[in-house]
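Comments concern the structure below.
The values are calculated or read from the model by the stated rules, or taken from the named source; none is laboratory data. The structure presented is a predicted model; accordingly, all values stated were derived computationally and were not measured. When we count neighbours, we look across all protein chains shown, and the Cβ atoms used for this are built from the backbone with ideal geometry, even at glycine. To get the accessible areas, we keep the full protein, side chains included, count just its heavy atoms, and leave off ligands, DNA and RNA. Shrake-Rupley method; radii C 1.70, N 1.55, O 1.52, S 1.80 Å.
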Amino acid sequence: MIDIKFIRENPDAVRASQKGRGEDTSIVDQLLAIDETRRTAITEFETLRAEQNVLSKSVGAAKGDEKTALLENAKDLANKVKAADTKRADIEAQANAIAMQLSNLLDPDAPIGGEADFVVIEHVGTPRDFAKDGFEPKDHVELGKLLGAIDTERGAKVAGSRSYYLTGVGALLEFALVNYAISSATKAGFIPVIPPVLVNPAAMEGTGFLGQAAENVYHLERDEVYLVGTSEVPLAAMHMDEILPVEKLPLRYAGYSTCFRREAGTYGKDTRGIIRVHQFDKVEMFSFCKPEEAKEEHKRLLQWEKDFLNAMEIPYRVIDVASGDLGSSANRKFDIEAWIPTQDTYREVTSTSNCTEFQARRLNIRYKDSDGTKAIATLNGTLVAIPRMIVAILENHQNADGSVNVPKALQPFLGTSRFELV
RNA sequence: GGAGGGCUCGCAUAGCGGCCGAGUGCACCGGUCUUGAAAACCGGCAGGUGAAAGCCUCGUGGGUUCAAAUCCCACGCCCUCCGCCA
């Protein structure tokens, strides 16, 4: 949610932001219009209520005929108050519904455009030359089979398309990745968290996942809960309706959880392998900080993501995601794309978003310092999303026979330097 | 799933339908005193909105009433007991 005062004072900036995202700019005008009526309705109600409060007190003090007369008036006034209150509540609900439709303001530095209009910030590492190594790289599905690490066929049999089993070294690799991620995050000062993955509507709505993103969310209607697509949701909502003391900031959590995604509207996209699946595990960084420090914090999150990729010895590039491809909560987003040899391209493996005060306003999370209580900023970033990292590791570190070299950083967690064929 | 009990300002509690947005204790912050500290004493101490007056918030939502923290209903959450269970 954007500060309504800011919208009143800078409607053009908000319109421009909506336009940059390819979203409806008329919401801004609807909101401004209803904000007027909202404030009028509040004033009307409050005036009547103040009158009623005064009158009520005098009723209590009065006796006899005088009281009867006052009661007459009071009754009438009570009806008016009730009517004014109903009207106010209606309008406020409408205004709120409209305000919730607005996406976050874009960072002026974010590139404008659609999915394809990202800007490449840097390349790190060099894609391996398999021709020079004298063999054709196998894709992760084939490698996964040879190593006994990934079983997509049985996954499909048991759970449908986009499902899989991690077995043997595949399962061990997940544990190693998670352990490495959590231990490095803990060293960096993150508090490790295992959050709930089943959350209520307030948490989902507050983090901004019930808007355009709703179709990708599993909803358990019978119990009115949602399966989260990322631990960003429970981590952000963890401090819902709280006021954090400024000394605790930046407050950083590393959440490990399973993530569930319906992947609606992705028919035919990445159908092979485990690039795009309904369920996967992920270690997510989440940070609460002062708004004026959010940009810096965003860079730090990106750096931690790069550190992880570097440790995995995988070539990658960093992109500045274009406005039209940002989530509704993000004002800027950097993705890291790892080189996937068999696709001859870079594919997203991690992503970090600066949500400024947008989520915090929806979730009612603030911080308090010596001059008062203010909205806080929230940021999130992937440390490691397991399946895509497994894809990157297997494909980039494969040998001619299908065995795979284990990155040094993971060797202590796996007790081996090489995955052999089964 | 069944039976009870409870949800008030960080914590613990008080609260008669009007004098309660709300008392007390602890914690916390500032001050006096002290070489320093403790104790004692004095003051402050929920949030939102508003320029202010005011208005709103005693789990949430409804209802009764001129007036609700206080009465009624529904829901949520917590606790205890029973059943079931990883």
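In the set (1) within 15 Å of RNA strand B (Cβ to nearest atom); (2) of a type in the set (A, V, I, L, M); (3) outside any helix (DSSP H, G or I), the condition left unmet by A:L102 is number (1). Show the residue pairs that are 6+ apart or on different chains and have beta-carbon atoms under 9 Å apart, the first residue being within region A:243-262 and closer than 30 Å to A:H278 by Cβ, the second being basic (K, R). As it stands, the answer is A:G255/A:K282; A:Y256/A:K282; A:S257/A:K282; A:T258/A:K282; A:C259/A:K282; A:R261/A:R162; A:R261/A:R276, since those pairs meet every condition given.
Of all residues in region A:62-78, those being open to solvent by 100 Å² or more (accessible area, probe 1.4 Å) and near RNA strand B (Cβ under 9 Å from one of its atoms) number 2. Contact annotation: no residue pair with Cβ atoms under 6 Å, 6 or more positions apart or on different chains, pairs a residue in region A:47-59 that is more than 12 Å from A:D76 (Cα to Cα) and near RNA strand B (Cβ under 6 Å from one of its atoms) with a partner that is open to solvent by less than 80 Å² (accessible area, probe 1.4 Å) and among the acidic types (D, E). For region A:44-59, the set of residues classified as open to solvent by 80 Å² or more (accessible area, probe 1.4 Å) and within 25 Å of A:N364 (Cβ to Cβ) consists of A:E46, A:R49, listed by residue number. Of everything in region A:279-309 that is of a type in the set (S, T, N, Q) and in contact with a strand residue (DSSP E or B) (Cβ under 7 Å, 6 or more places away or on another chain), the residue that is nearest to A:A392 (Cα to Cα) is A:Q279.
Look at A:L147 and say whether it is out of contact with any Gly (no Cβ under 6 Å at 6 or more places or on another chain), under 27 Å from A:S353 (Cα atoms) and in the same structural domain as A:Q212 (by TED's automatic domain parsing). So A:L147 fails the test.
Can you confirm whether A:I91 is assigned to a helix (DSSP H, G or I) and within 15 Å of RNA strand B (Cβ to nearest atom)? In short, yes. Any residue at all in region A:10-29 that's farther than 23 Å from A:G324 by Cα and open to solvent by 40 Å² or more (accessible area, probe 1.4 Å)? So far as region A:10-29 goes, no, none of its residues is farther than 23 Å from A:G324 by Cα and open to solvent by 40 Å² or more (accessible area, probe 1.4 Å).
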